């Protein structure tokens with residue numbers, strides 16, 4: 001299966017603005033790219049790349065005052081299978097976890113583990129450990145929160161989402177991650193593309209998506225408390241402790257969003273033809 005992914009984003013800045021852009025596909029997707037990424041920045045500026053502490057690909061630039069456009073387009077190959085289900089995956093004892101997973105047990109900006117640990121044990125302590133417990137967390141979060149774009153708030157934490165019982169995909173993800181960590185299950189926040197592949201098309205404009213991965217049975221497994229079903233065609237861009245680690249654009253000063261368009265579509269071989277850059 002081929003999936004075309006990309007975006008067309010315009011911000012306006014009142015003055016020259018340092019920016020960190022995490023708008024690339026994750027390096028783990030490199031071998032699946034069939035038509036290379038084309039990151040366009042208009043007006044043209046120098047973009048230097050680096051890899052952050054989580055292994056995400058990032059770009060640094062100094063954007064001029066006025067409008068700045070970010071545009072990217074790629075085609076990736078996917079196996080076309082839904083998220084892998086491993087009901088027998090077991091939970092590790094903390095002393096058996098790889099060192100690299102330990103940071104995903106700790107409290108973070110949006111996942112207040114220390115504040116929610118008693119609640120998590122009250123809700124889930126009787127559920128068998130491992131896959132069943134993570135699934136029970138996803139079941140609870142999906143039923144407890146009401147999805148509402150109009151109620152989005154970038155400062156909402158997991159605990160606040162639990163109290164308010166509303167949110168968007170990042171809030172569903174933060175709450176599930178916090179519960180997992182409270183129960184000693186490493187969980188990391190993922191952001192990327194997720195199109196309506198294999199399901200009826202959803203109304204409304206396409207957006208980037210958030211889900212999480214839990215470490216069970218020696219590997220990371222994708223879970224999605226917002227959509228609450230195995231999905232086809234997740235295309236990872238970045239992961240970290242929570243949304244604060246994977247902001248797709250960080251401007252070090254005031255900015256205003258003028259355009260935000262995202263696409264994620266199953267395509268045929270014709271999508272591999274030479275790319276023609278879209279006009280404004």
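The values are calculated or read from the model by the stated rules, or taken from the named source; none is laboratory data. Here the structure is a predicted model, which means the values were calculated and not measured. As a convention, Cβ positions derive from the backbone with ideal geometry for all residues, glycine included, and neighbour counts pool all protein chains shown.
Filtering 38, 50 for residues that are farther than 20 Å from residue 234 by Cβ, within 20 Å of the chain's Cα centre (by Cα) and surrounded by fewer than 14 Cβ atoms within 10 Å (Cβ to Cβ) leaves a single hit, 50. Residues that are under 21 Å from residue 248 (Cβ atoms) and part of a loop (DSSP other than H, G, I, E, B) within the stretch 204-224 comprise 204, 205, 206, 207, 208, 224, listed in sequence order. In the stretch 141-149, is there at least one residue being within 26 Å of residue 233 (Cβ to Cβ) and in a loop (DSSP other than H, G, I, E, B)? Yes, because at least one residue in the stretch 141-149 is within 26 Å of residue 233 (Cβ to Cβ) and in a loop (DSSP other than H, G, I, E, B). The strands (runs of 3 or more DSSP E) found entirely in the stretch 5-71 that carry 1 or more residues being touching a residue at least 60 places away in the same chain (Cβ under 8 Å) are 17-21, 33-35, 40-42, 57-63. Which of the following residues is outside the structural domain of residue 170 (by TED's automatic domain parsing) and touching a helix residue (DSSP H, G or I) at 6+ places or on another chain (Cβ under 6 Å): 75, 41? Going through 75, 41 in turn, just one is outside the structural domain of residue 170 (by TED's automatic domain parsing) and touching a helix residue (DSSP H, G or I) at 6+ places or on another chain (Cβ under 6 Å): 75.
Out of 194, 175, 216, 248, report the one residue that is over 17 Å from the mean Cα position of the chain (by Cα) and either touching a residue at least 40 places away in the same chain (Cβ under 8 Å) or within 23 Å of residue 78 (Cα to Cα) (or both).
From the options 194, 175, 216, 248, the qualifying one is 216.
For the residues 122, 135, 163, the requirement of being surrounded by fewer than 22 Cβ atoms within 10 Å (Cβ to Cβ) and touching a residue at least 12 places away in the same chain (Cβ under 8 Å) singles out 135.
One line per residue, one yes/no per condition, for (1) touching a strand residue (DSSP E or B) at 6+ places or on another chain (Cβ under 7 Å); (2) assigned by TED's automatic domain parsing to the domain that holds residue 135:
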{"position": "200", "(1), (2)": "no, yes"}
{"position": "209", "(1), (2)": "yes, yes"}
{"position": "215", "(1), (2)": "no, yes"}
{"position": "223", "(1), (2)": "yes, yes"}
{"position": "226", "(1), (2)": "yes, yes"}
{"position": "238", "(1), (2)": "yes, yes"}
{"position": "259", "(1), (2)": "yes, no"}
